[in-house]
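First up is the structure itself, then whatever we jot down about it.
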Amino acid sequence: MKGYTVRDVARLLELSEHQVRAYARAGFLEPARGERGEYRFSFQDLVLLRTAKGLMAQRIPSRKIRRALRKLKQQLPRGRPLTAVQIVAYGDRIVVRDGRRVWDPESGQAAFDFEVQELARKIAPLAQRAADEARQAEAELDAEDWYELGCELEAGAIEQARDAYRRALELNPHHADARINLGRLLHELGYLQAAETHYRLALAVRPADATAAYNLGVVLEDQQRYDEAIQAYERALGHDPALADAYYNLARLLEQSGRREEALRYLRAYRRLTE
């Protein structure tokens, strides 16, 4: 199963199939297409579509919703699973939390409260179905197939997602994205050294990957290896100067080490990107 069908999405979000297609045609999201041209939705698409549904219920103009969703898609957590995200609204502000920080993508007025974890529970049966189908067609799957399956399984079947990423790496040890995702899952389970190894292997394959460098910084910081973490965050910013979280983390670590002027410079950069 590569993505969720219109029927799957309609059932999960309590919409008609016509409404799902209309949201896609209206530009609220850009789902992939299957072999016959049919829509195939990712879990991120489901998050965005559920957000659009909540905003439409508040009679927010479509133009404002499209603008808000474009910004939200850009700002969803880098290197973090969407199941950790909570999207809430306070007056005319949409506030997004991912357990580490809070940010405010541009939006119109709304009044709803939606936890992505709720959606993850709903798709668990579909994730199990995808895993079962993969096992039946195991000989036909290549590394990219296993990687894509891992991305789909993360929302509802974490252990099987890890297995899918491992299968991808068995077939292609140089698959950097599978390395990064597997490292992140291991990181969240507390296997810090294993996660570090995967992040470093990803960087060996793709040295300019800002996500791998940023995640490496986080896992080094979690191991209290602060000087190395600073270097990793600086490396991430060298490849992605718009990575706001890296500026914030650098400012905090530099402040702790007494390098206040440098910390203030990074904090100002963080504020410029997030205000």
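The figures follow:
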{"quantity": "Members of region 119-173 that are at pLDDT 75 or above, open to solvent by 40 Å² or more (accessible area, probe 1.4 Å) and among the hydrophobic types (A, V, I, L, M, F, W, C)", "calculated": "Leu141, Cys151, Ile158, Leu171"}
{"quantity": "Where a residue in region 250-274 is without any contact (Cβ under 8 Å) to a residue 24 or more places away in the chain and its partner, wherever it lies, is open to solvent by 60 Å² or more (accessible area, probe 1.4 Å) and not hydroxyl-bearing (Ser, Thr, Tyr), with Cβ under 6 Å and at least six apart", "calculated": "Ala263/Glu255"}
{"quantity": "Unique residue being outside any helix (DSSP H, G or I) and either open to solvent by 50 Å² or more (accessible area, probe 1.4 Å) or at pLDDT 65 or above (or both) when the list is Arg36, Arg66", "calculated": "Arg36"}
{"quantity": "Residue tally, condition assigned to a helix (DSSP H, G or I) and out of contact with any helix residue (DSSP H, G or I) (no Cβ under 6 Å at 6 or more places or on another chain), over region 141-158", "calculated": "5"}
{"quantity": "Test: residue in region 225-233 that is closer than 26 Å to Glu144 by Cα, open to solvent by 40 Å² or more (accessible area, probe 1.4 Å), of a type in the set (Ser, Thr, Tyr) and without any contact (Cβ under 8 Å) to a residue 40 or more places away in the chain", "calculated": "no"}
{"quantity": "Tabulated pairs, region 1-23, first without any contact (Cβ under 8 Å) to a residue 24 or more places away in the chain, second basic (Lys, Arg) and in a helix (DSSP H, G or I), C-beta under 7 angstrom, 6+ apart or interchain", "calculated": "Glu17/Arg7"}
{"quantity": "Residue in region 189-203 that is within 16 Å of the chain's Cα centre (by Cα) and open to solvent by less than 70 Å² (accessible area, probe 1.4 Å) present", "calculated": "no"}
{"quantity": "Which numbered condition Leu29 fails, given (1) outside any loop (DSSP other than H, G, I, E, B); (2) out of contact with any strand residue (DSSP E or B) (no Cβ under 6 Å at 6 or more places or on another chain)", "calculated": "(1)"}
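The values are calculated or read from the model by the stated rules, or taken from the named source; none is laboratory data. Keep in mind it's a predicted model, so treat the numbers as computed, not measured. FYI the Cβ positions are ideal-geometry reconstructions off the backbone, even for glycines, and counts take in every protein chain you see. Surface accessibility is based on the protein's heavy atoms, side chains included, excluding ligands, DNA and RNA. Shrake-Rupley method; radii C 1.70, N 1.55, O 1.52, S 1.80 Å.
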